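Working notes for the structure below.
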Amino acid sequence: MTSPLTTRTRTGLLATAVVATLAVTATGPATAAPSSSTTSAGPASPTRFFAHLDMSDGQRPENITLEPGGSAVVTFAYNRQVARITPDGRVHVLATLPEPPAGSVTPALTSPFLGGIVRAHDGTLYFLYATGSGDLTGLWRLRPGGTPHRIAALPADGLPNGLALDEHGGLLYAADSVLGTVWRVPLTGGAATAWSTAPELAADGFLGANGIKVHGGAVWVSNLDRGTVLRIPVTRHGAAGPVSTRATGLVDIDDFAFTGRGDTLLAAINKDNEVARVEPGGRHTVVLTAADGLEGPTSLAVRGRTAYVASAAYFTDEDPNLLAARIVPAPGK
C-alpha cells in the first residue's frame, strides 16, 4: 500500500491459476455498470462488486483474509481498524488499534499502518501494525469475541507489511518492507527471529519485501521496488535456503495469493490498477484492469475458484472496494 503522502505504491499479492483466466462474477451487491476484462486468455463476464467502501471513513482495504460462510476480514491501513465485510457488502469493525504516542513517525509511510492479516482455523486473527514506536509496532492477535493485543514486538524502525501463516508448523512469517527482512514468530507469540535478510528482499528507493505466502515447502515474497517474486525454501531444519527469483518486471506489485497447488500467481499491481497472471516460468499477462473496477489493488485471497481482490484507491481517491472474480479454465484448456 502507499501512504497518501507518498508518490509510490507498496506491493501486492500473487495467486496461482494454472491455465486459467479470471472472470468477475456477481457475488455481491451489483451497483456498478459492467465492463469488459482486457484478459488475452479469454472473455470475462460483467464486473460485479462484493462491496463499495467508505473512503471518507478511512475504509481503504490493505490486506484480506477469508472466513467460512463467505465473509472477508480486512485491515484498513490508516484508520487502524480490522473489519469484517459480509456477503451483502456490510462492514462490521472488529477492532481499532491504539493510536501511537505523539511524535511517532512510521518509517516510509509517516502515518500508523495496519498491514497483513491471516486467520487460523479457530477464527483467531493475526495482523501487523507499524507505528514507529517500540510499544506498538509488531504482531497482534485477536481471538473471537476478544480484544486485540500484541504478541510479538518488531523493530520500530521497520515496516512490517505482509503476513503469512504456517499453521501446521505453528509459525508466522512477516515481510518487513523497510528493513528487507523476513521475520519469523511462533504462533503462540514471543521473540521474533530474523529468518532471512537476503539482499533480494531489500528496497530500491522506497519499499522492498512486501507480500508473503507459505507455499510448497517455501516462503514466497514479492518485492515492490524491484518488481520481483522470490522463493525462499524452508530447509529440513527450518532455516532459510538460497533465494531464487521466480518473476521479474512486476514493479509496484503488492501482496499475492496462490489459487492452487501449482506455482502460477495472480499479482496485484497497485499503481497500474491491474491484476496479472504470472506463470511458473515468470511470464505474466494482465487479466483484470481498472475497467473491471480495480482502483489500486492491494491484496488478493482465493477460495476454490473465486479470487477476491481488495482495492484501496490510494491513487484514484474514488472508490475503494472489494470485488470477486471467478477463476475459469482458459478456452481450449
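Suppose we filter segment 150-206 for residues that are among the hydroxyl-bearing types (Ser, Thr, Tyr) and over 19 Å from the mean Cα position of the chain (by Cα); how many remain?
First, the residues of segment 150-206 that are among the hydroxyl-bearing types (Ser, Thr, Tyr): 173, 177, 181, 188, 193, 196-197.
This time we only want the ones that are over 19 Å from the mean Cα position of the chain (by Cα), so: 188, 193, 196-197.
Selection size over segment 150-206: 4.
Tell me the residue from THR298, THR316 that is among the polar types (S, T, N, Q), modelled with pLDDT of 90 or more and part of a strand (DSSP E or B), please.
Values: THR316 fails: part of a strand (DSSP E or B).
After applying the criteria, what remains is THR298.
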Check your understanding: Mind checking whether some residue in segment 233-250 is in contact (Cβ under 8 Å) with a residue 40 or more places away in the chain and basic (Lys, Arg)?
Key -> no
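Of all residues in segment 46-65, which are among the β-branched types (Val, Ile, Thr) and modelled with pLDDT of 95 or more?
Of all residues in segment 46-65, those among the β-branched types (Val, Ile, Thr) come to 47, 64-65.
Correct list: ILE64, THR65.
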Check your understanding: What pairs come up if the first residue lies in segment 273-301 and is over 19 Å from PRO61 (Cα atoms) and in contact (Cβ under 8 Å) with a residue 40 or more places away in the chain, the second is assigned to a strand (DSSP E or B) and charged (D, E, K, R), and their beta carbons are under 6 Å apart, counting only those six or more places apart or on different chains?
Key -> THR285/ARG277; VAL286/GLU274; VAL287/ARG277
**Study point:** Filtered residues of segment 137-189 (kept if out of contact with any Phe, Trp or Tyr (no Cβ under 7 Å at 6 or more places or on another chain), among the polar types (S, T, N, Q) and surrounded by 19 or more Cβ atoms within 10 Å (Cβ to Cβ))
**Key:** ASN161, SER177, THR181
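Identify, please: which residue in segment 245-264 is more than 13 Å from the chain's Cα centre (by Cα) and assigned to a strand (DSSP E or B) and is, among those, surrounded by the fewest Cβ atoms within 10 Å (Cβ to Cβ)? I'd like the intermediate steps shown before the answer.
Narrowing segment 245-264 to residues more than 13 Å from the chain's Cα centre (by Cα): 245-251, 259-264.
From what's left, assigned to a strand (DSSP E or B): 245-247.
Values: THR245: 13, ARG246: 20, ALA247: 25.
Result: THR245.
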Practice item. Could you look through segment 73-113, keep only residues that are over 18 Å from SER56 (Cβ atoms), aliphatic (A, V, I, L, M) and touching a residue at least 24 places away in the same chain (Cβ under 8 Å), and pick out the one that is surrounded by the most Cβ atoms within 10 Å (Cβ to Cβ)? Key: LEU109
Exercise for review: Check every one of the strands (runs of 3 or more DSSP E) wholly within segment 90-145 and list those with 1 or more residues that are among the basic types (Lys, Arg).
Suggested key: 113-119, 138-142
Practice item. Tell me which residues, restricted to segment 202-244, are closer than 17 Å to GLU279 by Cα and either assigned to a loop (DSSP other than H, G, I, E, B) or acidic (Asp, Glu) (or both). Key: GLY216, GLY227
Review point. What pairs come up if the first residue lies in segment 161-177 and is in a loop (DSSP other than H, G, I, E, B), the second is modelled with pLDDT of 95 or more and of a type in the set (S, T, N, Q), and their beta carbons are under 8 Å apart, counting only those six or more places apart or on different chains?
Key: GLY170/THR188; SER177/ASN161; SER177/ASN210
Check your understanding: Which residue out of PRO98, PRO68, PRO4 is more than 21 Å from ALA324 (Cβ to Cβ) and either modelled with pLDDT of 50 or more or charged (D, E, K, R) (or both)?
Key -> PRO98
Check your understanding: Are any residues in segment 178-201 outside any loop (DSSP other than H, G, I, E, B), touching a helix residue (DSSP H, G or I) at 6+ places or on another chain (Cβ under 9 Å) and either basic (Lys, Arg) or farther than 17 Å from PHE256 by Cα (or both), and if so, which ones?
Key -> THR181
Point to revise | Hits in segment 146-160 (condition: in a strand (DSSP E or B) and either over 20 Å from ILE212 (Cα atoms) or among the hydrophobic types (A, V, I, L, M, F, W, C) (or both)) | key: HIS149, ARG150, ILE151, ALA152, ALA153
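The values are calculated or read from the model by the stated rules, or taken from the named source; none is laboratory data. The structure presented is a predicted model; accordingly, all values stated were derived computationally and were not measured. All Cβ positions, glycine included, derive from the backbone under ideal geometry; neighbour counts span all protein chains shown.
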